[in-house]
Amino acid sequence: MSLRIVVTVKYVPDATGDRHFADDLTVDRDDVDGLLSELDEYAVEQALQISENSDDDVEITVLTVGPEDAKDALRKALSMGADKAIHVEDDDLHGTDAIGTSLVLAKAVEKAGYDLVISGMASTDGVMGVVPALLAERLGVPQVTLLSEVSVEDGTVKGRRDGDAASEQLEASLPAVVSVTDQSGEARYPSFKGIMAAKKKPVQSWDLSDLDLEAEEVGLEGAYTTVDSATERPARTAGTIVKDEGEGGKQLAAFLAERKFV
Ligand SMILES: Cc1cc2nc3c(=O)[nH]c(=O)nc-3n(C[C@H](O)[C@H](O)[C@H](O)COP(=O)(O)OP(=O)(O)OC[C@H]3O[C@@H](n4cnc5c(N)ncnc54)[C@H](O)[C@@H]3O)c2cc1C
């Protein structure tokens, strides 16, 4: 038996960098360093563990929709151990919203061929947490999201979803889409051997025409949500410093009471 796993990974601006909006109110990704969204490292990790625990012939493809630099996110996932990568890149994708992203991902996943799609629980920039569900809907397959544990057995994906009050044991027949949380287990660091091997692993580049998609279906033009205005977050103030000369406790209590924290 063979198992084709596609892991969707997003290239996001480095949260420690100075992130700001461009003139068209999209996030300015030009002069900001980017990286593989940390929450997608867990998705890559779970795909590798499924492969290591399986007797089947498992192939792991990592897929991203993003600008040229998004190749760095794919390289990182390949150096962790994924087999090959697909990069969907097109100038007309600029400003694509979550609905548009799910359309491009669905077309790419279908073209690549898959049995299981694994996504992160959310990206670390848009943080909407909706793309896996949108993707499953477009593919017409079951979705099992926010799993803290996942396994594949005899054509079925199984997993545990932890809620505040209870945990659910869930399963679905393949093909299916799952998303995993940051509680699903530490993501491995690429080894030097893995980093070197990644340089030789194939990265396919597709644009909208390769996916039979038109510019007006994606990008700012095809977006269902538009950003009307954006204001810079006010600079952080130094805050109130309490120097304890015996009255520190009282001053702190007064500070908290004033702000109705207590
Ligand atoms: C600050 C900010 C605010 C935004 N607000 C909105 C909004 O209100 N409405 C809207 O529709 N769009 C919005 N977007 C755009 C949206 O982020 C992108 O369309 C994005 O591709 C999908 O949304 P997400 O990042 O929130 O994904 P999520 O739903 O949080 O992502 C879940 C998982 O889907 C996969 N995934 C997501 N994007 C990609 C990708 N490009 N390539 C491969 N896999 C991917 C990853 O595995 C990820 O872990 C916003 C973007 C930013 C940066």
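By the rule of a C-alpha distance below 15 Å, with chain neighbours fewer than 8 residues away ignored, the aspartates and glutamates paired with K158 are D115, E149, E168, E171.
With each label modelled as a point 7 angstrom along the Cα→C-beta vector, the A15-E186 pair spans 1.9 nm. Each label point was placed 7 Å from the Cα along the Cα-to-Cβ direction; for A223 and A238 their separation is 3.9 nm. With equal scatterers on the alpha carbons only and no solvent term, can you work out the Debye log10 of I(q)/I(0) for the chain at 0.09, 0.14 1/Å? Calculated log10 I(q)/I(0) at the listed q: -0.47, -0.95. For the chain, the relative contact order is 23 percent, taking Cα pairs closer than 8 Å that sit 6 or more residues apart in sequence and dividing their mean separation by the residue count. For I5, I195, the ranking by accessible surface with the largest value first comes to I195, I5, using a 1.4 Å probe. Of M80, M196, the order by accessible heavy-atom surface (1.4 Å probe, DNA, RNA and ligands excluded), from most exposed downward, is M196, M80. Between the beta carbons of M1 and A133, assuming R0 = 30 Å, the FRET efficiency works out to 0.60 to the nearest 0.05.
Stretching the chain fully between D23 and K199 yields a gain of 59.8 nm (0.36 nm per residue, less the alpha carbon separation).
Largest accessible area first, the listed residues L147, L93 line up as L93, L147 when surface is computed with a 1.4 Å probe on the assembled protein chains.
Classified by the C-alpha gyration tensor, region 107-227 has an oblate form. Its axis ratio a/c, with a ≥ b ≥ c, is 1.5 or above, and a/b does not exceed b/c.
Figure legend: label point modelled 7 angstrom from the Cα of V32 along Cα→Cβ; residues of region 108-144 with amide N under 18 Å from it are 122-129. The 3J(HN,Hα) values that the Karplus relation (6.51, -1.76, 1.60; θ = phi - 60°) gives for region 108-124 are, in residue order, 5, 5, 5, 5, 6, x, 7, 10, 9, 9, 10, 10, x, 5, 5, 7, 8 Hz. Gly and Pro appear as x. Amide H to amide H, with H built 1.01 Å from N, M121 comes under 5 Å of V180, counting only residues 5 or more places away or on other chains. For region 4-79 and region 87-163, what is the separation of their C-alpha centers, rounded to whole Å? Between the Cα centre of region 4-79 and that of region 87-163, the gap is 13 Å. Once the chain from E258 to A230 is taken as fully extended at 0.36 nm per residue, the excess over their C-alpha distance is 7.0 nm.
For a straight C-alpha distance cut-off of 28 angstrom, the lysines reachable from K200 (same-chain residues fewer than eight places away being disregarded) are K10, K71, K76, K84, K107, K111.
Working from the Cα coordinates of region 1-84, the gyration tensor eigenvalues give, after taking √(5λ), semi-axes of 31, 11, 9 Å in decreasing order.
Straight-line cross-link partners of K250 among the lysines, defined as a Cα under 16 Å from its Cα and at least 8 positions apart when in the same chain: K260.
The values are calculated or read from the model by the stated rules, or taken from the named source; none is laboratory data. Given the structure is predicted, the values throughout are model-derived calculations rather than measurements. Glycine gets a Cβ as well: all are built from the backbone with ideal geometry, and neighbour counts include every protein chain shown. The accessibility values were calculated without ligands, DNA or RNA, using every heavy atom of the protein model including side chains. Shrake-Rupley method; radii C 1.70, N 1.55, O 1.52, S 1.80 Å.
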